[in-house]
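> Take a look at this one; I'll ask things after.
Taken together, the values in this text are just the output of simple stated rules run on the coordinates, not laboratory data. Remember, predicted model here, so these are calculated numbers, not experimental data. Every residue, glycine among them, receives a Cβ derived from its backbone with ideal geometry; neighbour counts consider all protein chains shown.
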């Protein structure tokens, strides 16, 4: 009897241990499908470094990262649960939730503290850093472009007279070639993309003039980390783990941009490391590692600024007032500010 009792205790111990191991294994394999806003390019370095350097794995996560087709498309991908998390434009998210506040998606971590929205022109075509230099010019406007979507609010903020401005609808593939050939005087787009694409078209660096909307009265935020709210409620620690890992990845991308560019090029070998390093450095300086982030850490927002941004979005996107800042951005998954510094 003693022998049988001992064996039964041994069996129970083995089963309990197996159960604990299974639980640990399940936790270690929490899967997260993540969608980017665009292709693998320099500014995506923070995401891929978090993956390559094991930061997700350290958090007990198995994260797959897919490319996207625009910072707007990422929003329904996450809202429907096709992806648990993603990277998309918070301004488009505000519009999305304003139309239907019941959608299952929120922003939880700001990445582009200053948005990349710009109008990029050429000095030789009469464009200067003054937004009023756009008056009387022909502007190439890609349909669906995030920067072009903010044109009505930018016009008001920068006091631009549009009566003699021509807006020409163009496709993304011909945007920079048309500007390089002088068929338009300036184009809408993300600054770090348009500038480098123009240089690739043979336009001299000193001839390229970016007009950043954020420097001329447009007080918006840019791209943020999105989460499906059902997934977040069921897996809060996993979401916090993704955020912690991404902060480490973006910190590495700020401290060693060439290494970040190399990690990106591994996934998109038609790219050039030097070009993507420059693109990443531009994004770090203009959009990611801003003065606000250097003081307050990456990821958070200023609620008063968000309120001002939503007032401007009422002009550019026709908001109806159905959504408030707290319905758009949820800061509960962010670590303390001192853990979010990028240097």
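> With just the Cα atoms defining each centre, how far is segment 112-155 from segment 71-94? Give it in Å.
25
> Between residue 268 and residue 181, what is 0.36 nm times their sequence separation minus the Cα-Cα distance? Round to one decimal in nm.
Working: separation 87, 0.36 × 87 = 31.32 nm, distance 2.79 nm.
Full-extension gain reported as 28.5 nm.
> Going by how many other beta carbons lie within 10 Å of each one, how would you line up 143, 229, 116, fewest first? Could you put the intermediate results ahead of the total?
On the way: 143 10, 229 17, 116 27.
So the ranking, lowest neighbour count to highest, is 143, 229, 116.
> Also, I was wondering about something else. For residue 102 and residue 237, compute 0.36 nm times the residue count separating them, minus their Cα-Cα distance, and round to one decimal in nm. Working shown, then result.
Details: separation 135, 0.36 × 135 = 48.60 nm, distance 2.33 nm.
Additional length available on full extension: 46.3 nm.
> Related question: Quick one: grab the alpha carbon gyration tensor of segment 222-272, order the square roots of its eigenvalues as a ≥ b ≥ c, and give me rounded if a/c is under 1.5, else prolate or oblate depending on whether a/b is larger than b/c. Provide the component values of the computation, followed by the final result.
Numbers: a/c = 2.91, a/b = 2.10, b/c = 1.38.
Verdict is prolate for segment 222-272.
> Taking the Cα-to-Cβ direction at residue 62 and at residue 80 and moving 7 Å from each Cα, how far apart do the two end points lie in nm?
Between residue 62 and residue 80, the simple spin-label model gives 2.4 nm.
> Where does segment 117-216 land on the Kirkwood hydrodynamic radius, alpha-carbon pairs, in angstrom?
Numbers: mean 1/r = 0.0770 Å⁻¹.
After inverting the mean inverse Cα-Cα distance, the result is 13.0 Å.
> Also, quick follow-up: Where a ≥ b ≥ c are the square roots of the eigenvalues of the C-alpha gyration tensor, would you call segment 63-119 rounded, which needs a/c under 1.5, or, failing that, prolate if a/b is larger than b/c, or oblate?
Oblate is the answer for segment 63-119, as a/c is 1.5 or above yet b/c matches or exceeds a/b.
> Scan (i) 22.8; (ii) 21.4; (iii) 22.3 for the value of Kirkwood radius over Cα pairs in Å calculated from this model and give just the label.
Only one option fits the structure, namely (ii).
> If you don't mind, there's one more thing I want to ask. Please order 151, 38 by the number of other Cβ within 10 Å, starting at the fewest. Could the numbers behind the result be given before it?
Values: 151 21, 38 18.
Ascending Cβ contact count within 10 Å gives the list 38, 151.
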